[in-house]
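Inspection log for the structure reproduced underneath, given as structure tokens.
What follows is calculated from the coordinates using simple rules that are stated; it is not laboratory data. Model, not experiment: these values are computed from the prediction. Positions of Cβ are backbone-derived with ideal geometry, glycine not excepted, and every protein chain shown enters the neighbour counts.
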Amino acid sequence: MSLGQLAEMGTLQQKVLFDETEVAGIKVPLMPMFLCKTPFRKRLHASPTFMVGFIHLSFQEFFTALYYVLLDEDESLRKIRELLQVTDHEKCGEAMGVSPVHEYHYTPYSE
């Protein structure tokens, strides 16, 4: 699993903390720069387990977006649509007068 895939999984599941087992397979040399380990107790006197999360939600969002950009165009658009369905942004955007993402077409810049 890549850092981008972890970020996407958290975004889709709307979670910011991951169990250590979920991040065990990530092989990124700079991972400590983007993730932090936090003690977490389910009960007051229980021994803590450690949860891992991005140092800020904006990093999780950035790595999700970067992961999508690095995919081929069709897969990227499919994942963006899935993300919008999960987060319900399409309805929110329509209520604010913003067109849904599937109406936008990418056109490479050329002179």
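Modelled this way, with points 7 Å down the Cα-to-C-beta line, the labels at S76 and V16 are 2.8 nm from one another. Taking θ as phi - 60° and the Karplus parameters 6.51, -1.76 and 1.60, the scalar couplings of region 53-63 work out to x, 5, 5, 7, 4, 4, 5, 4, 5, 4, 5 Hz in sequence order, x denoting glycine and proline.
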